[in-house]
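The values are calculated or read from the model by the stated rules, or taken from the named source; none is laboratory data. Bear in mind that the values here come from a model prediction, so they are computed numbers and not experimental data. Ideal geometry is used to build each Cβ from the backbone, glycine not excepted, and the neighbour counts take in all protein chains shown.
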Amino acid sequence: MNDDFKISSFNNPVNEDLSAVGMSSVYRLFEAFIAMREKNERQHKLFEQTQSRARDALQSSFNSFAADTQKAYQQLRQDVLGEKKFSLTLLNIVLDQGIEMQHILDSRPKHLPTGPDGAEIVGWIKALEVQNRKMWADIRKFGIHTYEAPVGTPYNPAMHERVGSMRVEGLPALLIAETKEPGYASQQPEFILRRPKVLVTE
């Protein structure tokens, strides 16, 4: 009896209609899934293309920015170096003038003529001395100071100008024996404008 029920229920037209409806729904579901998958793939490709274009545009923009920044940095560096070289050249010229002026004043005659002519010469020399003091005051404003080599320190051609040699008891060779003329340096110890002229031990 149960077998008859199973057979009759399997061969039942209503069940066949329900089965057909179920299969149709499954087909439609698969079709919708496939369509959605194809749509997702298209959107994914479109997104990748958009992302690639955006990445390329961003890379190009960054490269352009980096190149412009590098160019601006190099230009600024050249400007700064140019200004520094110009300032250093100008400072050397002023320092040369100060040194020469000092040499002129140091070599003035010890005995000056008397009378009206002598008074004029004395006044002229005093004016030069005043101007010389002003010049050296201006030079010191730039942080320039005299630089002398201490006796007994090692001789270094980069820092000292050798103008002669002498024997000194108790000192080995190639040491500073005497400073004949001071040098000039900036506030930075390694920045020497003029090397001191020195005698070196033998």
Practice problem: Could you tell me which residue of segment 38-96 is farthest from the chain's Cα centre (by Cα), considering only residues that are among the hydroxyl-bearing types (Ser, Thr, Tyr) and over 30 Å from Leu193 (Cβ atoms)? | Solution: Thr50
Quiz item: On the given criteria, is Ser107 closer than 30 Å to Thr201 by Cα, at pLDDT below 90 and surrounded by 12 or more Cβ atoms within 10 Å (Cβ to Cβ)?
Solution: no
Quiz item: Any chance segment 127-145 includes a residue that's at pLDDT below 90 and assigned to a strand (DSSP E or B)?
Solution: yes
Quiz item: How many residues does segment 142-163 contain that are on the phi > 0 side of the Ramachandran plot and over 34 Å from the mean Cα position of the chain (by Cα)?
Solution: 1
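Among the residues of segment 181-191, are any charged (D, E, K, R), part of a strand (DSSP E or B) and either in contact with a Gly (Cβ under 6 Å, 6 or more places away or on another chain) or within 27 Å of Ile93 (Cα to Cα) (or both)?
There is at least one residue in segment 181-191 that is charged (D, E, K, R), part of a strand (DSSP E or B) and either in contact with a Gly (Cβ under 6 Å, 6 or more places away or on another chain) or within 27 Å of Ile93 (Cα to Cα) (or both).
Could you tell me whether segment 37-52 includes any residue that is under 30 Å from Lys126 (Cβ atoms) and free of Cβ contacts under 8 Å to residues at least 40 places away in the same chain?
no
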Practice problem: Determine whether segment 57-75 contains at least one residue that is outside the structural domain of Glu181 (by TED's automatic domain parsing), among the aliphatic types (A, V, I, L, M) and part of a loop (DSSP other than H, G, I, E, B). | Solution: no
Exercise. Give Lys85, Lys45 a once-over and let me know the one that is part of a helix (DSSP H, G or I), at pLDDT 85 or above and of a type in the set (D, E, K, R).
Key: Lys45
